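Here is the structure we will look at, set down as C-alpha cells.
The values are calculated or read from the model by the stated rules, or taken from the named source; none is laboratory data. Computed from a prediction, not measured in an experiment: that's the story for all the values here. Every residue, glycine among them, receives a Cβ derived from its backbone with ideal geometry; neighbour counts consider all protein chains shown.
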Amino acid sequence: MGRVSSAVGKRIDGVGGFDRHVWAISVVVVMGAIMSILSTTSVNVALSTLSRELDAPISHIQWVVTAYLLALATVIPVTGWAAERFGIRRLWLSTGAVFVGASVLCGMAWSANSLIAFRVIQGFAGGMIMPLGMMVLTLAVGPARVGRAMSVIGVPMLLGPTFGPVLGGLLVQYVGWQWIFYMNVPVGLAGLALAWRLLPADRPEGRHRLDWVGLLLASPGIALLTFGLAEVPGQGGVAHPVVYVPLLAGATLLAVFIWHARRTDDPLIDVRLFASLRLAAASATTFLLGLALFGSLLVLPLYFQIVHGEGALATGLLLIPQGLASAAVMPLVGPLTDRFGGGRVVLVGVMLLALGTAVLTQVGADTPYPLLLAALAVRGLGLGASMMPAMAAAYAAMRPETVPRATSGLNVMQRVGGSIGAAVLAVILNVQIAAALPGAGTAARGAVPAGDLGPLADAVAGAFGVTFWWAFWLTLAAIPAALVLARQERHARDREAVQRAREVAAHQPA
C-alpha cells in the first residue's frame, strides 16, 4: 500500500486543521458511513409492518436484519486484501454502486424471501464501505492526526443508532416501508458522485495473493458466531442447538484461522500485527467498549417501550440526547486524542459512560423523564469520548503498509464485540423479565402489556435495572485495557522524543 499511502497522504504539517483535500475525503467517507449505518439501524422499527405487509411471521421476517448482519460480518475479513488488489477508490465506487442498486431492489421486494436475498447483497457491499472509509482517511492524515480523522466519521457512527430508528419510524408511519431502503438512493448517488470527483486515484498492488484457506475459515467462522449470538434472545439462552452449534462451530473455525494466520506468509488478516502491545491494547479497548455500547443500545429502547409504553417513533426521539451529546463532544476529543493519546481520553469517556449507566441501574416504573434524559446525555458524552478515541489509538499504532489488513482485524473485533454485548444483555433481560412476568420476555414481547403493567410495573422495571447493572460492569471492564493503552502510548511518545533529540544532535555542528 506504499503507492496508496503516497497518493492519499497529502496533508499540511502545521498546527492547524486539515487541508481541503483531506476534508473532501472526509465528506465522502461520512456519506458512506451514513448509508451503511442507517441501513443497520432503521429497519428494526419496520419489522412488524414488514411481517404484516409481506405476510410472513416475525420469526421469518427478522432475517431481514439477521441476513444483513451476517453478510456484513462475512465480507469484512476480505476487505483488506481487496483494497490492496483493486485499489481503495475503485473498490469504494464499486461497493457503493452495488449498495445503491441493492437498496432499490430491497424497496421493490415482492416477498419476504426476495427482501432477505436483496438484503444479503446490500450487506456484502455495506460491510466494505466503512472499513474502506477508515483506510483512506487514516492514510490521508497520518498517525499524528488520526484522532481528528476518527472524530469526523465518529459522528455518523454514534448518531446512526439514535436517528436511524427515528427516521425509520417516520418513513414507516407516513410514507411506507419501501422508503427505508429508497432513502439510500439519493444519499448513495451523491456519495458516488463525490467519490468519483474527490477520492484520490491509487494504484492497486497485486503482490498479495488471496489467502483462500484463511477466507474459508474466517468468513464462515464470523458468520456462524454472529448467527449464534443473534439467536440467543429468541431461543432464551445458549442451551438450544440453534445457538450453541453455530457458536461452537464459529469459535472453532476462528481458532483454526488464528493458528493458520500465524503460520502463513500472507494471511487474510495478519494476526501477528496484534503482537504489538499498543495495538493489542487499543483493539481490546474497542472490543470491550463494543460489548457495553451495543448491549445498552438494545436495552434502552425496550425500557421505554415496555415500561413506559412508548412507540417506535417516540422511543427514537427519547434517545436523541444521547446521540446529540456524542456528536457535541466529538470535535473536542479528536484534538485531545492526538495530543494526549487515546488511552487517557478513553479513561475519561469510560468514567462518564459508567456514571450515566449507574443512574439507569436505579430505574423504576415512574422514573421521571428529565432524569432519564440527563443520564442518556452523560452516557452520550462518555460514548463520544471513548469509542472513537479507542479506534483512533488503534489506527495510530499501525504502520501505513499494515493499515488495510489491520483494519479488517479491528473491524472484526468491533463487530464480534457488539454482537456478544447485545446477546449477553438480551439474555439477562429475558431472564429477568421472565422472572418478573412469567411467560413473557424479549423473545415474545407481545405478551408484555407495554405501558399497562399494573402491579407488575415495578418488578419489570427492576428487571431492566438489573440488566443495566450488567451494562455498568461491562463498561468498567474496559478500564484495564485503556490503562495499558495509555501506558504504551506514553512509552511510544518517549521513544519518539528520544529519537528526535538524537536526530537534532546528529545535525549539530561538532
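Quick notes on this structure:
- Qualifying residue in the range 40-55 (condition: closer than 30 Å to W212 by Cβ and either part of a helix (DSSP H, G or I) or at pLDDT 75 or above (or both)): yes
- Residue match in the range 322-338 (condition: farther than 26 Å from S42 by Cβ, surrounded by fewer than 22 Cβ atoms within 10 Å (Cβ to Cβ), touching a residue at least 40 places away in the same chain (Cβ under 8 Å) and of a type in the set (D, E, K, R)): no
- Boolean, S151 is assigned by TED's automatic domain parsing to the domain that holds I25 and modelled with pLDDT of 80 or more: no
- Set A447, A406, A477: member being out of contact with any strand residue (DSSP E or B) (no Cβ under 9 Å at 6 or more places or on another chain) and modelled with pLDDT of 75 or more: A477
- The range 278-323, subset out of contact with any Gly (no Cβ under 8 Å at 6 or more places or on another chain) and aromatic (F, W, Y), residue farthest from V431 (Cα to Cα): F304
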